[in-house]
Amino acid sequence: MPSEDFTQLQLRFTDQIQWRYAVIRPVVLFTDCTARQRSQETRTHPATVRKLTRWFRQRGMAGAPPRQHRGGGAGADAADSRDPPAGD
């Protein structure tokens with residue numbers, strides 16, 4: 001089951017960038033995985049998956065937004081003034 005695999009994988013992450021890439025990897029590499037599907041597999045909000053995918057496609061991993069904790073789970077990112085437009 002993908003969510004169980006992802007849960008185990010998270011235990012090995014040493015920083016937030018690893019988590020972000022693991023969340024979006026199937027979406028950016030394979031055409032048959034949608035942000036909604038990946039959000040269910042990783043138990044991450046669909047908007048977070050879409051946001052991280054946009055950042056990756058526009059700026060690569062080096063351009064990923066810094067995590068700003070708002071009391072949510074591992075994928076809770078606050079709005080950032082550097083966010084790309086939502087229409088992408």
On the given criteria, is R20 at pLDDT 80 or above, surrounded by 14 or more Cβ atoms within 10 Å (Cβ to Cβ) and among the charged types (D, E, K, R)? yes
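Residues checked against (1) modelled with pLDDT of 65 or more; (2) surrounded by fewer than 17 Cβ atoms within 10 Å (Cβ to Cβ); (3) hydrophobic (A, V, I, L, M, F, W, C); (4) within 23 Å of Q8 (Cβ to Cβ):
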residue	(1), (2), (3), (4)
R43	yes, yes, no, yes
Q58	yes, yes, no, no
H69	no, yes, no, no
D80	no, yes, no, no
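Quick check on segment 42-52. Is at least one of its residues assigned to a loop (DSSP other than H, G, I, E, B) and in contact (Cβ under 8 Å) with a residue 40 or more places away in the chain?
Kept after step one, since they are assigned to a loop (DSSP other than H, G, I, E, B), are these residues of segment 42-52: 43-45.
From the residues that got through so far, the ones that are in contact (Cβ under 8 Å) with a residue 40 or more places away in the chain too are 43.
Yes, that holds for at least one residue.
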Based on what the data block shows, is T7 hydroxyl-bearing (S, T, Y) and in a helix (DSSP H, G or I)? yes
Output the residues belonging to segment 16-44 that are touching a helix residue (DSSP H, G or I) at 6+ places or on another chain (Cβ under 8 Å), within 14 Å of W55 (Cβ to Cβ) and of a type in the set (D, E, K, R). R20
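Name the single residue, out of those in segment 27-40 being crowded, with 19+ Cβ neighbours inside 10 Å and not hydroxyl-bearing (S, T, Y), that is nearest to T7 (Cα to Cα).
Our first condition is that a residue be crowded, with 19+ Cβ neighbours inside 10 Å; within segment 27-40, this holds for 27, 35, 38-39.
Now narrow it down to the ones that are not hydroxyl-bearing (S, T, Y): 27, 35, 38.
Working: V27: 18, A35: 18, R38: 13 Å.
Residue satisfying both the conditions and the ranking: R38.
The values are calculated or read from the model by the stated rules, or taken from the named source; none is laboratory data. Worth saying up front: this structure is predicted, and the values here are computed from it rather than measured. So basically every Cβ, Gly included, is an ideal-geometry build from the backbone, and we count neighbours across all protein chains shown.
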